[in-house]
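Visitor: Got a structure for you, written out below as structure tokens; questions coming shortly.
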Amino acid sequence: MLGFLLRRLGAAAILVFVLTSLTFVLVFSSAQNAARNILGESASQEQVDALNRELGLDQPLFVQYTTWLGKAVTGNLGKSWTSNEQVASAIANRLPVTLSMVITAITVMTIISVLLGVAAAVYGGWLDRLIQFISVLGFSLPNFWIALILVLTFAVSLRWFPATGYVPLTRSLYGWAGSLALPVAALVVGGIASAAQQVRGAVIDVLEQDYIRTLRARGVSPASILFRHALRNATPPALTVLSLQFIALLSGAVIIERVFAIPGMGSLTVDASLSGDTPVIMGIVIVLVLLVSLVNLLIDLANAWVNPKVRLK
Amino acid sequence: MSTSVSASPSANPSKGALRAVLHSPLGVAASLVLVVMVSAAILAPFIAPNNPGNVRLDMMNGAADASYWLGGDSGGRDIFSRLLFAARNTLLGALVAVGVATILGVTTGLIAGYFGRTFDFVAGWVSDALMALPSLIVLLAFFKVLGSSVYLSMAVFGVMLAPGFFRLTRNLVMGVRNELYVDAARVSGLSDARIIARHILLVIRAPIVIQIAIVSGVAIVIQSGLEFLGLGDPRTPTWGGMLQDAFANIYVAPTSILWPGLAISLTVASLVLLGNVLRDWMQKSSSGGHGARARARKLAANRVVTGQSAAPLPADTILSISDLVVGYETAAGLKEVVKGVSLDLKRGETLGLVGESGSGKTQTAFSILGLLSSGGRVVSGSILFDGQELTGLDEAAMHKLRGKRLAYVPQEPMSNLDPAFRIGFQLVEPMRTVLGISEAEARKRALALLARVGLPDPMRAFNAYPHEISGGMAQRVLIAGAVSCDPDLLIADEPTTALDVTVQAEVLQLLRDLKEEFHMSVILVTHNFGVVADSCDRVAVMRDGRVVEAADVNSLFTNPQHEYTKMLLGSTLENSTPPAYVPPSLTGVPA
């Protein structure tokens, strides 16, 4: 088990290193006239040169990279070029907001898609068709458009929820839930049906296995067959689906935060991207890659826990 | 996800696909929408009522009028005309992304799947890494690098979409690489390039087209998302950019958010539906058997009331099957696999059910247990078990009989143990449910049973997972499970076929001993006359869903009546010599 964990950690470390290095080369190689962009056209060449020196942009790319990497491993991600804020602290302020939204979304998605998927696997018929219909719909409607419609209906017309803003969980549970209701709804609509379809497929696959027939022949109750044996064996494929959905939710959160004016990673990304704030972009990329690696590691561990065969390998 | 669609190289796939689309109402509707969208994109300069940049100050967020059919946006420009021009930019962007993804993914997938080795490993790693990235955030990160040209962004997005094509192609190619016809082509001296072009591309064509349809939809949504965030060229109209403008004026002109959203959704939905129609067609043409629809109703009862009140059985008959017909629902209607079988089994007797695979013997056995595969049902006939008619019973009543009175030993031991649970649990759980005994009591019984069936270390087996024991041990575990609740009738479906020859005799001996010990009657499904001679009192020979001959073992071996029985016995003779067999001197009348 320990060897398994170490191997996975090693693979994740390589992934983080390769992806961040690649990103660094790409974003910094194109940021060479950042000083001019920051200071504007009216600045003198001396001012531009001075800022270039200050930002380290006068150094060769490789030196810039090793300097950045040396600081990054100690958690120092540098300063923002536009706000003078430390990148690490900017991210630390924004990440909890996005995480609370995405984790709520994936929880809601898991519960609903497992219920729908299992029900469709067992009963089939109209439920099956309903899920297929919703899945086409969820796939076709862009989540930001759903968000706009939700705002228009529930915030502008009905005034049930606030149209914008975010209330931290630490301040008010009720306010937090209210501020996240519409964003989370917009985020999960697209994924629920497709996740439910995957769960349905996984459950049907398991129910057609020989050992299910044998368990039934032994007189094991239908409830135990479905919820104990079938669900447990359908968990690994379902977990894989959910890990992919988690990555998709991170993308979705960027746009959704924009619509609802939520001060999370998404708005930070868009602002940094529009203003060419390269250190912030690098910080976001490294944090996200770490986050995705962590989630994949957790999924692997969950798989090993559910599936005894994996544990031995 | 990797919903790998199995493909069969049919004669002319593209023609069949077209017909499938035109025969489905959804397919026709989706194609129509796409044709309209593409025409709008191409013909925008000719059919748009206004120039997309034309500004009328009186129409800022204005309602529809004779010239501005859908009203004006915040800049006083015609929403309808802009929609048409935006179709151009959006569809072209999607085309770039899909083009890059297809070319990159399919090429690398072909190489990885066909040649494998190092390239497969490296490409697989890169593909996994790309899939681990949230694509929209990557595009945002590279926005300054790529500039505001949406086509360049979409080309990068195409790279991020390539893993989908890579995986699909690689898995399909791996699947067909070692097919006989590809081997034959290789042996006959065709070059790799020719084999790929002639045989492999044919197989992967349809799945790739489906993937293209889906990915085009994804590309349109992501591109609109980028433009909605303001990362597009503000001078060209796009659906995402129009939504951004409408969002900014959501309190002033709320209906403006409808049109671009509808355009995106309709286009994407049509692409997905088209993909679905093609996928359904492929699945139908590759699997002739049970349709996908029939698979769903797995746990639901699938039995019909056919029980006729038959004459009371003689007291020593435990099971009497008469005129049993079992059918499976297929696309072409009901397919009968058991066509009027009648059998009788006396208490304490072992009945051999013999026949080639596909003769209906296993289906007959499953219908006694009420465990036909999904889509299958007893069409007519009667199964009388100890005075009780089984064919009309609902699932709950059947459930009460299984384990306690009816038991089952399967053919393939390893696939019949749940891989996720310890063996001990798989023995204890049914006993607790069926017998209503305590955990400790069930545990004690399970360990005793494991010892009884001949496992050297019952405790170890009790705590082991199925993959930790051998096939022979697994079959003993399954036998222990079958007899654990003291059943009256044991149905063993080819219980030794999957085992080593050395273990076969031991397992048969075990079954014979347990039969005496537990006072069971046994139905032994097999294709092996050696097993029959060893273990059975009576035999029924099945062929094509019917019993062609039933007799006690001695008379069947000494004096087979039916030609088919003789043929089967004859083929057995080539390998082994059943003890009491005497070549037939007189040809009897076929039964």
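The values are calculated or read from the model by the stated rules, or taken from the named source; none is laboratory data. If you're wondering where the values come from, they're calculated on a predicted model, not measured in any experiment. Here the Cβ is made from the backbone with ideal geometry for all residues, glycine too, and neighbour counts use every protein chain on show.
Visitor: With the requirement that a residue be without any contact (Cβ under 8 Å) to a residue 12 or more places away in the chain and more than 28 Å from the chain's Cα centre (by Cα), what does region B:127-139 give you?
Guide: B:129, B:134, B:137
Visitor: Looking at region B:402-460 only, could you name the residues that are in contact (Cβ under 8 Å) with a residue 12 or more places away in the chain and of a type in the set (Val, Ile, Thr)?
Guide: B:409, B:423, B:428, B:433, B:434, B:453
Visitor: Residue check, residue A:226 against (1) at pLDDT below 90; (2) aliphatic (A, V, I, L, M); (3) buried (at least 17 other Cβ atoms within 10 Å of the Cβ); (4) in a helix (DSSP H, G or I), all met but one. Which one?
Guide: Checking residue A:226 against (1) at pLDDT below 90; (2) aliphatic (A, V, I, L, M); (3) buried (at least 17 other Cβ atoms within 10 Å of the Cβ); (4) in a helix (DSSP H, G or I), the one that fails is (1).
Visitor: Does at least one position in region A:62-84 carry a residue that is part of a helix (DSSP H, G or I), within 21 Å of the chain's Cα centre (by Cα), more than 13 Å from every other protein chain (Cβ to nearest Cβ) and surrounded by 14 or more Cβ atoms within 10 Å (Cβ to Cβ)?
Guide: No: region A:62-84 contains no residue that is part of a helix (DSSP H, G or I), within 21 Å of the chain's Cα centre (by Cα), more than 13 Å from every other protein chain (Cβ to nearest Cβ) and surrounded by 14 or more Cβ atoms within 10 Å (Cβ to Cβ).
Visitor: What do you reckon, is residue B:285 modelled with pLDDT under 85, in contact with a Gly (Cβ under 7 Å, 6 or more places away or on another chain) and not hydrophobic (A, V, I, L, M, F, W, C)?
Guide: For residue B:285, the condition - modelled with pLDDT under 85, in contact with a Gly (Cβ under 7 Å, 6 or more places away or on another chain) and not hydrophobic (A, V, I, L, M, F, W, C) - is met.
Visitor: Next up: Counting residues that are farther than 30 Å from residue B:175 by Cα, which helices (runs of 4 or more DSSP H) fully inside region B:51-149 reach at least 3?
Guide: Once the helices (runs of 4 or more DSSP H) in region B:51-149 are filtered for at least 3 residues that are farther than 30 Å from residue B:175 by Cα, what remains is B:79-115, B:135-141, B:143-146.
Visitor: Could I ask something else about it? Could you check region B:45-63 and list, in sequence order, the residues that are closer than 24 Å to residue B:89 by Cα and either touching a residue at least 60 places away in the same chain (Cβ under 8 Å) or more than 51 Å from the chain's Cα centre (by Cα) (or both)?
Guide: B:49, B:50, B:51, B:52, B:53, B:54, B:55, B:56, B:60, B:61
Visitor: Step by step: first the residues of region A:85-114, then only those that are more than 15 Å from residue A:288 (Cα to Cα), over 17 Å from the mean Cα position of the chain (by Cα) and in contact (Cβ under 8 Å) with a residue 60 or more places away in the chain, then the one that is surrounded by the fewest Cβ atoms within 10 Å (Cβ to Cβ). Which residue is that?
Guide: Selected residue: A:112.
Visitor: Which residue, of A:306, A:280, A:285, is touching a residue at least 60 places away in the same chain (Cβ under 8 Å) and more than 25 Å from residue A:70 (Cβ to Cβ)?
Guide: Criteria check complete, one pass: A:306.
Visitor: Let me ask something additional. Quick check on region A:132-144. Is at least one of its residues at pLDDT 85 or above and touching an Asp or Glu at 6+ places or on another chain (Cβ under 8 Å)?
Guide: no
Visitor: State all residues of region A:106-123 that are away from chain B (no Cβ under 14 Å) and closer than 15 Å to residue A:227 by Cβ; if no residue qualifies, say none.
Guide: A:111, A:114, A:115
Visitor: Within the set of pairs 6+ apart or on separate chains, which have a first residue in region B:236-249 that is facing another protein chain (nearest Cβ under 9 Å) and crowded, with 21+ Cβ neighbours inside 10 Å, a second that is assigned to a helix (DSSP H, G or I) and of a type in the set (Phe, Trp, Tyr), and C-beta atoms under 6 Å apart?
Guide: Qualifying pairs under 6 Å: B:240/B:228; B:243/B:228.
Visitor: Scan region B:455-472 for residues that are within 14 Å of chain A (Cβ to nearest Cβ) and in contact with a helix residue (DSSP H, G or I) (Cβ under 8 Å, 6 or more places away or on another chain) and jot them down.
Guide: Those that are within 14 Å of chain A (Cβ to nearest Cβ) and in contact with a helix residue (DSSP H, G or I) (Cβ under 8 Å, 6 or more places away or on another chain): B:463, B:464, B:465, B:466, B:467, B:469, B:471.
Visitor: Among (1) buried (at least 21 other Cβ atoms within 10 Å of the Cβ); (2) more than 10 Å from chain A (Cβ to nearest Cβ), there is one condition residue B:408 misses while meeting the rest; what is its number?
Guide: Failed condition: (2).
Visitor: Shifting gears a bit: Looking for whichever is in contact with a helix residue (DSSP H, G or I) (Cβ under 9 Å, 6 or more places away or on another chain) and under 29 Å from residue A:235 (Cα atoms) here; the options are B:445, B:452, B:422. Which one fits?
Guide: B:422
Visitor: Consider residue A:143 against the criteria (1) of a type in the set (S, T, N, Q); (2) touching a Leu at 6+ places or on another chain (Cβ under 8 Å); (3) surrounded by fewer than 19 Cβ atoms within 10 Å (Cβ to Cβ): it satisfies all of them except one. Which criterion is unmet?
Guide: Unmet condition: (3).
Visitor: Let me ask you something else. Whether any residue in region B:217-229 is more than 14 Å from every other protein chain (Cβ to nearest Cβ) and either in a helix (DSSP H, G or I) or over 30 Å from residue B:75 (Cα atoms) (or both) is what I want to check.
Guide: No: region B:217-229 contains no residue that is more than 14 Å from every other protein chain (Cβ to nearest Cβ) and either in a helix (DSSP H, G or I) or over 30 Å from residue B:75 (Cα atoms) (or both).
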